[in-house]
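Chemist: Before we start, here is the structure in question, set down as structure tokens.
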Amino acid sequence: MQAKDILNEVSKRDIRFVRFWFTDSLGQLKGFTITSRELERALNEGMGFDGSSIEGFARIYESDLVAFPDKDTFQVLPWTGDGQCTARMFCDIITPDGSPYPGDPRYVLKRNLEKAHALGYEYMVGPELEYFYFKDDTSCELLDEGGYFDLLPLDVGHNLRQRTVSALEAMNIQVEYSHHEVSPSQHEIDLKYCDALKMADNVMTYRVVVKQIARDDGLYATFMPKPIYGVNGSGMHVHQSLFDGKRNVFFDQKDKYNLSDTGKHFVAGLLAHVKEFTAVTNQWVNSYKRLVTGYEAPVYICWGQMNRSALVRVPRYKPGKEDSTRIELRNPDPACNPYLAFSVMLASGLKGIQEKLPLCQPTERDVYGMNVKEKESAGVDELPGSLIEAIQYAQKSSIVREALGDYVFSKFIENKNIEWENYRIRVSDYELKTYLPLL
């Protein structure tokens with residue numbers, strides 16, 4: 001879009017306010033609102049703000065930053081709680097001299113996509129985000145006891161999902177599927193694949209829309225990876241492919257799995273570096289309560305086609321659907337920073353392509369049912385079992401440092417170490433219930 005197109009739309013629809021959105025290093029949405037009369041200047045010059053209080057952003061003595069709106073992200077918000085029409089735009093964060101700010105997660109992803117473009121690739125992704133509906137944000141009181149693909153009356157959240165899908169579509173975010181998930185009160189809406197930068201913006205918008213629609217009904221939606229003990233947690237399976245123009249470079253009709261050498265090297269890169277980037281795709285202490293055996297979350301580092309216990313799955317090729325050839329990475333969760341998560345996935349896959357890493361044999365057995373010797377014989381390793389273990393892998397990783405850049409890498413590791421230390425010294429309800437009566 002051009003500035004004049006946006007200004008015409010604002011005038012025609014009597015849009016009074018425009019929200020400028022961006023994310024901090026942890027993937028939390030930040031922003032501020034300007035009035036429509038300030039919009040023309042903002043489109044040309046950006047809007048200055050103090051970045052010193054944004055997590056992972058500027059230090060206090062270099063806090064002046066500029067939010068420069070990406071014109072192509074202009075969308076009208078499909079809810080108007082105050083009766084006044086409001087739009088939003090995602091922003092790139094720049095310094096006063098016009099340089100990209102290295103602490104901006106959106107810039108981190110752009111930089112990685114440029115590396116892919118230099119190799120002739122466009123990175124396409126399609127995530128499946130799961131979440132829970134609860135009655136409020138202070139408990140885990142369920143709305144329903146429904147299960148996978150259940151419909152009314154078990155699926156009480158059906159109408160909430162439909163309204164959410166309608167809102168997303170109104171913002172030009174295409175949806176493929178929506179349904180009740182395995183756990184009670186758990187739901188999933190799958191976004192139609194597109195380029196990774198647009199998708200990262202879409203994921204951020206998706207999380208806002210899901211929460212807003214729930215809030216309108218006095219309810220609460222959460223993307224917390226594992227809010228309830230004893231049931232499946234929420235994941236964000238990410239379908240990925242590389243295109244060269246209109247050609248999907250992962251496709252090979254002659255291969256047993258219809259996966260090209262390029263695709264195999266990409267998968268090998270993911271498998272080789274996943275322990276290093278798990279701290280980014282699963283960035284919270286709670287993320288590792290989901291990554292345990294028995295709850296459909298991947299724990300073991302292997303790949304397969306039909307095997308849904310594998311970390312990477314290569315869905316079967318449908319004749320005439322070469323463009324849909326993809327690989328599915330199953331460990332990320334929906335509470336990650338999508339800009340950073342897509343960056344480390346892409347960097348790892350490209351590393352596999354550049355180094356022509358060989359892909360191991362697929363594992364089609366249920367890995368959860370294999371004993372230790374069988375897993376060792378098959379060469380099946382495990383993901384980190386806690387945030388601190390994941391941090392230890394990440395802080396030694398050259399591929400994660402390169403993907404995030406020195407600035408974001410340092411800030412991210414610093415924050416995660418603080419989070420782990422805060423968690424480590426807390427006394428939990430489990431400890432009180434288990435040890436207080438005994439010791």
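The values are calculated or read from the model by the stated rules, or taken from the named source; none is laboratory data. Since the structure is predicted, the reported quantities are computational estimates derived from the model, not experimental observations. Note that each Cβ is placed from the backbone with ideal geometry, even for glycine, and that neighbours are counted across all protein chains shown.
Chemist: Just to verify a result, which residue in the range 256-280, among those that are over 16 Å from LEU242 (Cα atoms) and not in a helix (DSSP H, G or I), is farthest from the chain's Cα centre (by Cα)?
Modeler: LYS256
Chemist: Give the residues of the range 94-153 that are aromatic (Phe, Trp, Tyr) and either at pLDDT 95 or above or surrounded by 18 or more Cβ atoms within 10 Å (Cβ to Cβ) (or both), sorted by residue number.
Modeler: TYR101, TYR107, TYR121, TYR123, TYR131, PHE132, TYR133, PHE134
Chemist: Moving on to the next point. Which of the residues belonging to the range 360-388 are outside any loop (DSSP other than H, G, I, E, B) and within 26 Å of the chain's Cα centre (by Cα)?
Modeler: Matches in the range 360-388: VAL367, TYR368, ASP381, GLU382, LEU387, ILE388.
Chemist: Follow-up question, since we're still on this one. Conditions: (1) in a helix (DSSP H, G or I); (2) modelled with pLDDT of 95 or more; (3) assigned by TED's automatic domain parsing to the domain that holds LYS289. THR434 meets all but one. Number of the miss?
Modeler: Among (1) in a helix (DSSP H, G or I); (2) modelled with pLDDT of 95 or more; (3) assigned by TED's automatic domain parsing to the domain that holds LYS289, the lone unmet condition for THR434 is (3).
Chemist: Let me ask you something else. Do you know which residues across the range 30-50 are loosely packed, with under 15 Cβ neighbours inside 10 Å and in a strand (DSSP E or B)?
Modeler: PHE32, THR33, THR35, GLY48, ASP50
Chemist: Separate question: In the range 94-115, how many are within 19 Å of the chain's Cα centre (by Cα) and outside any loop (DSSP other than H, G, I, E, B)?
Modeler: Within the range 94-115, residues that are within 19 Å of the chain's Cα centre (by Cα) and outside any loop (DSSP other than H, G, I, E, B) number 9.
Chemist: So, in the range 116-150, of the ones that are of a type in the set (Ser, Thr, Tyr) and either without any contact (Cβ under 8 Å) to a residue 24 or more places away in the chain or in a loop (DSSP other than H, G, I, E, B) (or both), which residue ends up farthest from TYR229 (Cα to Cα)?
Modeler: TYR121
Chemist: Taking ALA196, is it under 20 Å from the mean Cα position of the chain (by Cα), under 23 Å from VAL76 (Cα atoms) and modelled with pLDDT of 95 or more?
Modeler: It is true that ALA196 is under 20 Å from the mean Cα position of the chain (by Cα), under 23 Å from VAL76 (Cα atoms) and modelled with pLDDT of 95 or more.
Each row is one residue, and each column tells you yes or no for (1) in contact with a strand residue (DSSP E or B) (Cβ under 8 Å, 6 or more places away or on another chain); (2) outside the structural domain of GLY126 (by TED's automatic domain parsing); (3) among the hydrophobic types (A, V, I, L, M, F, W, C); (4) within 26 Å of ARG401 (Cα to Cα).
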position	(1), (2), (3), (4)
PHE243	yes, no, yes, yes
ASN248	yes, no, no, no
SER260	yes, no, no, no
GLY269	no, no, no, yes
ALA279	no, no, yes, yes
ALA297	no, no, yes, no
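Chemist: Would you mind stating whether ILE388 is within 30 Å of ASP104 (Cα to Cα), touching a Phe, Trp or Tyr at 6+ places or on another chain (Cβ under 7 Å) and surrounded by fewer than 20 Cβ atoms within 10 Å (Cβ to Cβ)?
Modeler: Considered against the rule, which asks whether it is within 30 Å of ASP104 (Cα to Cα), touching a Phe, Trp or Tyr at 6+ places or on another chain (Cβ under 7 Å) and surrounded by fewer than 20 Cβ atoms within 10 Å (Cβ to Cβ), ILE388 comes out as yes.
Chemist: Go through (1) more than 19 Å from ALA310 (Cα to Cα); (2) of a type outside the set (Asp, Glu); (3) assigned to a helix (DSSP H, G or I); (4) at pLDDT 95 or above and name the single condition GLY349 misses.
Modeler: The failed condition is (1).
Chemist: Quick one: ALA221 ticks every box in (1) surrounded by fewer than 18 Cβ atoms within 10 Å (Cβ to Cβ); (2) assigned to a strand (DSSP E or B) except a single one, so which number is it?
Modeler: Looking at each condition in turn, ALA221 falls short on (1).
Chemist: Surrounded by 19 or more Cβ atoms within 10 Å (Cβ to Cβ) and in contact with a Pro (Cβ under 9 Å, 6 or more places away or on another chain), is that true of LEU160?
Modeler: So LEU160 does not fit the description; no.
Chemist: With VAL156, VAL182 as the choices, which residue is within 30 Å of ASP323 (Cβ to Cβ), modelled with pLDDT under 95, among the hydrophobic types (A, V, I, L, M, F, W, C) and touching a Gly at 6+ places or on another chain (Cβ under 9 Å)?
Modeler: After ruling out the rest, the residue left standing is VAL182.
Chemist: As an exercise: evaluate ARG308 against (1) modelled with pLDDT of 90 or more; (2) outside any helix (DSSP H, G or I); (3) among the charged types (D, E, K, R) and give the number of the one condition it does not meet.
Modeler: Among (1) modelled with pLDDT of 90 or more; (2) outside any helix (DSSP H, G or I); (3) among the charged types (D, E, K, R), the lone unmet condition for ARG308 is (1).
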